[in-house]
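*Asks:* Dumping the structure here so I can ask a few things about it.
Each reported figure results from applying straightforward, stated rules to the coordinates on display, with no laboratory input. Being a predicted model, the structure only gives us computed values, none of them experimental. Don't worry about glycine lacking a Cβ; one is built from the backbone with ideal geometry, like all the others, and counts go over all protein chains shown.
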Amino acid sequence: MKILIVGSGGREHAIAWRLKQSPRVTEIMAAPGNPGIAEIAICVPIAADNIEGLVELARSERPNLVIIGPEVPLVMGLADKLRAIDIPVFGPSARSAMLEGSKGFSKDFMAKYNIPTARYRRFTADQAAEAKAYLDTFDGPPYVLKADGLAAGKGVVIPETKAEAETEIDAMLGGKFGSASASLVIEEFMHGEEASFFALCDGETAVALAGAQDHKRVGDGDTGPNTGGMGAYSPAPILDAAMQKRVMDEIVTPTIDGMKKDGRPYRGVLFVGLMIDETHGPRVVEYNVRFGDPECQVIMTRLKDDPLPQFLACAIGGLAGCARLERVSDPAVCVVMAGAGYPGEPKKGGVIGNLDEANKLPGVTVFHAGTARQGDDIIANGGRVLTVTATAPTLQDAVTRAYQAVDTINWPDGFCRRDIAWRALKRG
Ligand code: AMP
Ligand code: GLY
């Protein structure tokens, strides 16, 4: 079977790495891929948002399955265009990808189907005064302001004072995030513990895959600005079997049923960002229509069963009849190594040494993201550059292994958080 993976991050490297082990996979292609993916797949230099280029590639290569990693091509309708030429796709249509592509759409959808989430209202550019008045309906700060559209992960602002919130309302409705913030969602701030939950869906049925927890802030102790994610682990202790069942019953199944009812059957992986507390149980912070990065890296390293049959079923149907991915192995942890300056302008160009040595450590796999090849060298070429992933019989051992690998890698311009998995370790 020939697989085409769209994307170039650590997430896509982890998917390629896992599918490479499938006895049914004969060839993996990636567009555009990265130097790590290039070691196990054929990389074609077509960007993940070059929809026409990707459709042409699929038309000529006829892959048996296309897996779309990032949200942008999904929201742009890549899955629809591939399905139109009879190519099986793991990933939702543009109409279904609106769960991530429009915060307003996803909030209205949750309201319609009674899916637990924060109280909210939507505002357009001419409603700044109403938006400011709505702030008074909350107990006080912090306030949660969300640009309606995709804003490269930066569209959520959480002001600590009312004055800041008012300034931010004007800025966002005034075009701070371009057309993405022409419309705004203001919602209640939810307290609790965040977790990521992943389910596979074929339009009719959803099956639980795994839970994970990410670390969004750049600095130790969850300080500093938000990032794409600085590290993750799976399983997440807060998502125990009972909580996973609640998430499936109260959130995932009603979501899949509602999307089907609305003529938007959801196919692919549904990533539910959750806030969990004692009073409310699990509530939705946001939907994403793809795997998380770096959550995907820990989930892929934990899967003992071949995920290909389920991925394929997501694309063509029949998930209910598929064998479950039951054999998940030991806990996994990943630590993201980023270029100095990230999430601002990262330092690029530095040579990264000892990657092979790190990869040879027990339980360790190093996934590439923002790397480039320069002659024989791997150099840094982005913000998040590597995801150093480790599995071990205990979470603590996985953490130790991951940091041993981090310390083996010789990249003076790189940095990472030193406290990945602190929350789970504290629970014991
Ligand atoms: P999002 O892009 O929707 O994931 O939002 C980014 C981050 O903002 C989330 O991971 C949460 O940490 C935080 N956040 C978003 N919405 C809320 C909310 N209603 N209450 C508390 N925190 C939130
Ligand atoms: N790690 C969070 C995300 O992929 O959105």
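*Asks:* With the Cα gyration tensor of segment 211-273 in hand, convert its eigenvalues to equivalent ellipsoid semi-axes via √(5λ) and list them largest first in whole Å.
*Replies:* Result for segment 211-273: semi-axes of 29, 16, 9 Å.
*Asks:* I need to check one value: relative contact order of the chain, counting alpha carbon pairs closer than 8 Å and at least 6 residues apart, in percent.
*Replies:* That works out to 16 percent.
*Asks:* Can you tell me the mean projection area, over all orientations, of the convex hull of segment 276-428's alpha carbons? Units nm², please.
*Replies:* 12.0
*Asks:* Rank Gln374, Trp411, Trp422 by how far each Cα sits towards the positive end of the charge dipole of the chain (+1 on Lys, Arg Cβ; -1 on Asp, Glu Cβ) and give me just the farthest.
*Replies:* Gln374
*Asks:* Per residue, what volume in Å³ does the Cα convex hull of segment 337-426 take up?
*Replies:* It is 81 Å³ per residue.
*Asks:* Report, in whole Å, the centroid distance computed from the Cα atoms of segment 227-298 and segment 128-176.
*Replies:* 25
*Asks:* Translational diffusion coefficient of the chain at 25 °C, 0.890 mPa s, Stokes-Einstein with Kirkwood Rh over Cα pairs, in µm²/s as a whole number.
*Replies:* Translational D for this selection: 112 µm²/s.
*Asks:* Right, something else. Could you pull out every one of the lysines with an alpha carbon less than 19 Å from that of Lys112, ignoring same-chain neighbours closer than 8 positions?
*Replies:* Correct list for Lys112: Lys103, Lys260, Lys261.
*Asks:* Determine, for each peptide in 225-238, 392-405, the mean count of other beta carbons within 10 angstrom over its residues, then list the peptides with the highest first.
*Replies:* Taking the mean over residues of other Cβ atoms within 10 Å, the ranking is 225-238, 392-405.
*Asks:* Additional query: Arranged from highest to lowest average of other beta-carbon atoms within 10 Å per residue, in what order do the peptides 46-56, 132-142 appear?
*Replies:* Final packing ranking: 46-56, 132-142.
*Asks:* For the chain, build the charge dipole from Cβ charges (+1 Lys, Arg; -1 Asp, Glu) around the Cα centre, then report which of Ala358, Pro235, Met1 sits farthest towards its positive end.
*Replies:* Met1
*Asks:* So what is the relative contact order for segment 305-416, in percent, with contacts set as C-alpha pairs under 8 Å and at least six apart?
*Replies:* It comes to 33 percent, rounded to a whole number.
*Asks:* If you don't mind, there's one more thing I want to ask. Compute the length gained on full extension between Asp136 and Gln404: take 0.36 nm times their separation in residues and subtract their Cα-Cα distance, giving the result in nm to one decimal.
*Replies:* 91.5 nm
*Asks:* Another question, if that's okay. Given a cut-off of under 8 Å on Cα pairs at least six residues apart, what relative contact order in percent is computed for segment 1-148?
*Replies:* So the answer I get is 17 percent.
*Asks:* Let me ask you something else. Per the helix-only calculation at 222 nm, which mean residue ellipticity applies to the chain, given -39500 (n - 2.57) for every DSSP H run of n ≥ 4 and division by its residues, nearest 500 deg cm²/dmol?
*Replies:* Value at 222 nm, helices only, nearest 500: -8500 deg cm²/dmol.
*Asks:* Moving on. Suppose R0 equals 30 Å; then what is the FRET efficiency for Asp262 and Ile40 from their Cβ-Cβ distance, rounded to the nearest 0.05?
*Replies:* After rounding to 0.05, the efficiency reads 0.15.
*Asks:* Mean-square fluctuation check for the chain, GNM, Cα pairs under 10 Å: which of Thr26, Thr389, Thr205 is largest?
*Replies:* Of Thr26, Thr389, Thr205, the Gaussian network model singles out Thr26 as fluctuating most.
*Asks:* For segment 145-208, list log₁₀ I(q)/I(0) at each q in 0.24, 0.28 Å⁻¹, using the Debye formula over Cα point scatterers of equal strength and ignoring solvent, two decimals each.
*Replies:* -0.96, -1.13
*Asks:* Could you please state, rounded to a whole Å, how far the C-alpha centre of segment 385-425 is from the C-alpha centre of segment 9-78?
*Replies:* Rounded to whole Å, the Cα centres lie 27 Å apart.
*Asks:* If you don't mind, there's one more thing I want to ask. If you place +1 on the Cβ of every Lys and Arg, -1 on the Cβ of every Asp and Glu, and leave all else neutral, what size is the dipole of the chain about its Cα centre, to the nearest 20 Debye?
*Replies:* I would put it at about 720 debye.
*Asks:* Give Lys20/Lys154; Lys216/Lys426; Lys81/Lys216 a once-over and call out the pairs whose C-alpha atoms are over 22 Å from each other.
*Replies:* Lys20/Lys154; Lys81/Lys216
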